[in-house]
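Right, one structure below, let's go through it.
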Amino acid sequence: MAQDGTSGVVTLSPEQGERVRGVAAGLGGLSTDDLEINRPELFEARRTGEIGLIHSWELVTAVDGPGTRMTIFLSGCPLRCKFCHNPDTMEMKEGTLERIDDVVRRVLRYKQVFRASGGGLTLSGGEPLFQIAFTRRLLKAVHDAGVHTTVDTSGFLGARLTDEDLDNIDLFLLDVKSGDPETYEHVTARQLQPTIDFGDRLHAKGKAVWIRFVLVPGLTDSEENIQNVADIVARWEGTVERVEVLPFHNMGADKWDKIGLDYELKDVAPPSAEAVEHAREIFRSRGLTVF
Ligand code: SF4
């Protein structure tokens, strides 16, 4: 189903509800070739958040936060998760350059839909805090207009958000990739501690959080690792509204091939239903609400 004249497709995922996807085009967006042509001007526009590099957007229901949402995927991510479903968002190479005012206008077009469904805007990626100036301006403008805002983040760059920024974000989807520092580093090529620090800060501020944990056979599914994730999340009791245990799937494999990166998990099968339920039980045993 196309939205606003943007070509797109509908996919139905039993796990995740309906997604309507379109490329981030049609906003007067600039070609990424302009990066080469106008590099100094673009550098400045991106530094101030006047322009951002958007990979794609989706209209989603029952995923990425409550209600019907516009999820905008921003390019750029400092992590290198072995199970990444969107490896084409890791580098600042793919996407369309968009002006902040155009993006705000587009989001606000859906205000009535958001209001009727209890939905809003979700920023994802990639890592939405990577292009912090653009993300900051977008969240403030949309939140000031009365739209519910959600940020889907690993928390690795959480220190980039000021307290004022936090006031413009209603819900965090905090991805905790692993509970052991060594496993976390093996899985993401980055450190675990910034995520814990960010979660502690959100908890101290009383911010609503949904935790996401991806169960990957042979990578994140050891009993000890899951127990450690559950222990970390249990620290944030009272502000964590739910935990989502997401079974690994291989649907991103083609994207790894396409961008010429080695996908180490191509022969890894999804976890069994029993393994997923066992992981969920570990979180439930800490008194957490689990999906
Ligand atoms: S944080 Fe997300 S976008 Fe970044 S590498 Fe990991 S899974 Fe991919």
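Could you check the stretch 155-190 and list, in sequence order, the residues that are in contact with a helix residue (DSSP H, G or I) (Cβ under 7 Å, 6 or more places away or on another chain), open to solvent by 20 Å² or more (accessible area, probe 1.4 Å) and within 13 Å of the ligand (Cβ to nearest atom)? Result: Phe156, Lys177. Which condition number in (1) open to solvent by less than 60 Å² (accessible area, probe 1.4 Å); (2) assigned to a loop (DSSP other than H, G, I, E, B); (3) in contact with a Leu (Cβ under 9 Å, 6 or more places away or on another chain) is the one that Val209 fails? That leaves (2) as the condition not met. Count of the stretch 156-188 residues, restricted to those that are part of a loop (DSSP other than H, G, I, E, B) and over 18 Å from the mean Cα position of the chain (by Cα), is 3. Of all the numbered requirements in (1) buried (at least 22 other Cβ atoms within 10 Å of the Cβ); (2) out of contact with any Asp or Glu (no Cβ under 7 Å at 6 or more places or on another chain), Asp254 misses one, and that requirement is (1). Residues of the stretch 191-226 that are among the basic types (Lys, Arg) and more than 14 Å from the ligand (Cβ to nearest atom): Arg201, Lys205, Lys207. Every test in (1) modelled with pLDDT under 95; (2) touching a strand residue (DSSP E or B) at 6+ places or on another chain (Cβ under 7 Å) is passed by Asp262 save one, and that test is (2). For the stretch 126-137, the set of residues classified as farther than 14 Å from Ala45 by Cα, open to solvent by less than 10 Å² (accessible area, probe 1.4 Å) and touching a residue at least 40 places away in the same chain (Cβ under 8 Å) consists of Glu127, Pro128, listed by residue number.
The values are calculated or read from the model by the stated rules, or taken from the named source; none is laboratory data. This one's a predicted model, so the numbers in the text were calculated from it and none came from an experiment. Because the Cβ atoms are built from the backbone with ideal geometry, glycine has one as well, and the counts that use them run over all protein chains shown. Surface areas here come from the heavy atoms of the whole protein model, side chains and all, with no ligands, DNA or RNA. Shrake-Rupley method; radii C 1.70, N 1.55, O 1.52, S 1.80 Å.
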